[in-house]
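Read the structure below first, then the notes.
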Amino acid sequence: MFDFLIVGAGFAGSVLAERLASQLNKKVLIIDKRNHIAGNAYDHYNEEGILMHKYGPHIFHTNSREVFEYLSQFTAWRPYEHRVLASVDGQLVPIPINLDTINKLYGLSLTAFDVDGFFKSVAEEVSPVRTSEDVVVSRVGRELYEKFFRNYTRKQWGMDPSELDKSVTARVPVRTSRDDRYFTDTYQAMPLHGYTALFEKLLSHPNIKIMLNTDYKDIVGMIPFREMIYTGPVDEYFGYRYGKLPYRSLEFRHETLDKPVHLPVAVVNYPNEHAFTRITEFKYLTGQQHQKTSIVYEYPQAEGDPYYPVPRPENAEIYNQYKALADATPNVYFVGRLATYKYYNMDQVVAQALTLFKKLAKGEQRGALTDAPKKPVIESNVWNGTITNVSKNGVH
Ligand SMILES: Cc1cc2nc3c(=O)[nH]c(=O)nc-3n(C[C@H](O)[C@H](O)[C@H](O)COP(=O)(O)OP(=O)(O)OC[C@H]3O[C@@H](n4cnc5c(N)ncnc54)[C@H](O)[C@@H]3O)c2cc1C
């Protein structure tokens, strides 16, 4: 009998597995329908021996000391500050827009003191600020909005920024300084040996069993467990009874080039040209030395793996119906990006998982874990104690 069945071996599921196993001595089975651990943070060496991120570039950054110190138990770090250029009007200029972006684009020599005045002179008054278009136009004016944001957003979301909630573009700041770092968080670093290596350590506790290539629907009636932590899509869990929650997806086209370096920085955005939104060169992120280099193009699309929840009020309404069901479901905890239908960065998901763990440990939520054993969610007759019978190649 497992104390916990954890669905999904991404950050949400794996952090909870580690905490429950190591701190509360719980017996945990973690499953994933993919053929690997680490969720969307999964990285691996390609056929040329170059470390790459299968699901697009994942850059770790956080302001949370707790999250950074927690993960530091499972990895050493490589200091890394992310930089991005945008291809606009035939030039490569820093994004987020900063002093150098404006000077380069318009052939000016403004100083940090002048540039705020420049933004004010081009900004449009918008009240109230409701959409993504409003956010940008009210900060940097229509021309920069057209050059940098409008088409990028249309490609990324398949919708005009005027149709999207303000929270989407609120993620892209504008700077009056020459600071060209993409993130300004206190902690910015990449796992020294990659994310998958970090996850292998997270999941190495003897109380944790891993089963891959396994959809939870296929085993849920077969394996006895007391409680479940579910990190898959919440609408799928409830059989889509209020409809499908919309996601935006991506197609990743990976290429390996026969030269040591391809881009001037890790990522170049293409707001206006091409069907893809950006190209990433992985060696900048990993620090790997290699005579070849590996890049990925991202093509946004409507169908495919669920990556970005679409933040529109009607979707929030559907989600709230699912959330009410989730809250009323005993002994199942919904956590992570897909289960809460919210775009979270990795550090936010780790923080969410640590918070849930603390609640579980204190027994604050749905009865104390440390009290008398709970009635199992599933009591199974077919359980024979060997999970290898369920999935031949997925058990570690
Ligand atoms: C293109 C892209 C780039 C990103 N870049 C960054 C970045 O630079 N920095 C950053 O901090 N964050 C980034 N993120 C966000 C990051 O990927 C997430 O924060 C993180 O993956 C969330 O972890 P999770 O455990 O909630 O979900 P996931 O990593 O998605 O894990 C959920 C797991 O559940 C499994 N699952 C789902 N349904 C089932 C089922 N029925 N049965 C069994 N298993 C199931 C899935 O296969 C998956 O492995 C990026 C995301 C994307 C899409």
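The values are calculated or read from the model by the stated rules, or taken from the named source; none is laboratory data. Values in this document were obtained by computation on a predicted structure and should not be read as measured data. In this analysis, Cβ positions are derived from the backbone assuming ideal geometry, glycine residues included, and neighbour counts consider all displayed protein chains.
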From the set of residues in region 319-338 that are hydrophobic (A, V, I, L, M, F, W, C) and buried (at least 20 other Cβ atoms within 10 Å of the Cβ), which is farthest from the ligand (Cβ to nearest atom)?
F334
Scanning region 128-159 for residues that are more than 16 Å from Y308 (Cβ to Cβ) and part of a loop (DSSP other than H, G, I, E, B), which turns out modelled with the highest pLDDT?
P128
Among residues belonging to region 268-281 that are closer than 16 Å to L85 by Cβ and either without any contact (Cβ under 8 Å) to a residue 12 or more places away in the chain or in a loop (DSSP other than H, G, I, E, B) (or both), point out the one that is nearest to the chain's Cα centre (by Cα).
T277
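Quick grid of which residues meet (1) part of a loop (DSSP other than H, G, I, E, B); (2) within 16 Å of the ligand (Cβ to nearest atom); (3) crowded, with 24+ Cβ neighbours inside 10 Å:
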| site | (1), (2), (3) |
| --- | --- |
| I6 | no, yes, yes |
| S14 | no, yes, yes |
| L20 | no, yes, yes |
| K26 | yes, no, no |
| G49 | yes, no, no |
| V84 | no, yes, no |
Inside region 175-232, the number of residues satisfying the requirement of being basic (K, R) and in a strand (DSSP E or B) is 3
Could we say that T75 is farther than 21 Å from A9 by Cα and hydroxyl-bearing (S, T, Y) here?
no
Taking the options P191, P161, name whichever one is in the same structural domain as V122 (by TED's automatic domain parsing) and surrounded by 16 or more Cβ atoms within 10 Å (Cβ to Cβ).
P161
Scope region 212-240; condition under 18 Å from K26 (Cα atoms) and away from the ligand (no atom under 12 Å from the Cβ); matching residues:
I223, P224, F225, R226, E227
Among the residues of region 97-127 satisfying the criterion of being touching a residue at least 60 places away in the same chain (Cβ under 8 Å) and not in a helix (DSSP H, G or I), which is surrounded by the most Cβ atoms within 10 Å (Cβ to Cβ)?
I97
I'd like to verify a number: residues in region 233-261 that are part of a loop (DSSP other than H, G, I, E, B) and touching a helix residue (DSSP H, G or I) at 6+ places or on another chain (Cβ under 7 Å), how many?
6
Look through region 135-151, keep the residues that are of a type in the set (A, V, I, L, M, F, W, C) and touching a residue at least 24 places away in the same chain (Cβ under 8 Å), and return whichever of them is surrounded by the most Cβ atoms within 10 Å (Cβ to Cβ).
V136
Take R154 and decide whether it is within 23 Å of the chain's Cα centre (by Cα), surrounded by fewer than 19 Cβ atoms within 10 Å (Cβ to Cβ) and more than 16 Å from the ligand (Cβ to nearest atom).
yes
Quick check, is G194 more than 10 Å from the ligand (Cβ to nearest atom) and either over 20 Å from the mean Cα position of the chain (by Cα) or modelled with pLDDT under 95 (or both)?
no
Selection within region 157-178 - touching a Leu at 6+ places or on another chain (Cβ under 9 Å) and not basic (K, R):
W157, V174, T176, S177
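Here is a yes/no grid of residues against (1) more than 30 Å from A76 (Cβ to Cβ); (2) modelled with pLDDT under 95:
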position: R278; (1), (2): no, no
position: L285; (1), (2): no, no
position: Q289; (1), (2): no, no
position: K292; (1), (2): no, no
position: V296; (1), (2): no, no
position: P300; (1), (2): yes, no
position: R312; (1), (2): yes, yes
position: N315; (1), (2): yes, yes
position: I318; (1), (2): yes, no
State which residue pairs qualify: first residue near the ligand (Cβ under 9 Å from one of its atoms) and inside region 346-358, second residue β-branched (V, I, T) in any location, beta carbons under 7 Å apart, and separation of 6 or more residues or different chains.
D347/T62; D347/V67; V350/V15; V350/V67; Q352/V335; A353/V15; A353/V335
Could we say that H44 is of a type outside the set (S, T, N, Q) and either surrounded by fewer than 14 Cβ atoms within 10 Å (Cβ to Cβ) or touching a Phe, Trp or Tyr at 6+ places or on another chain (Cβ under 7 Å) (or both) here?
no
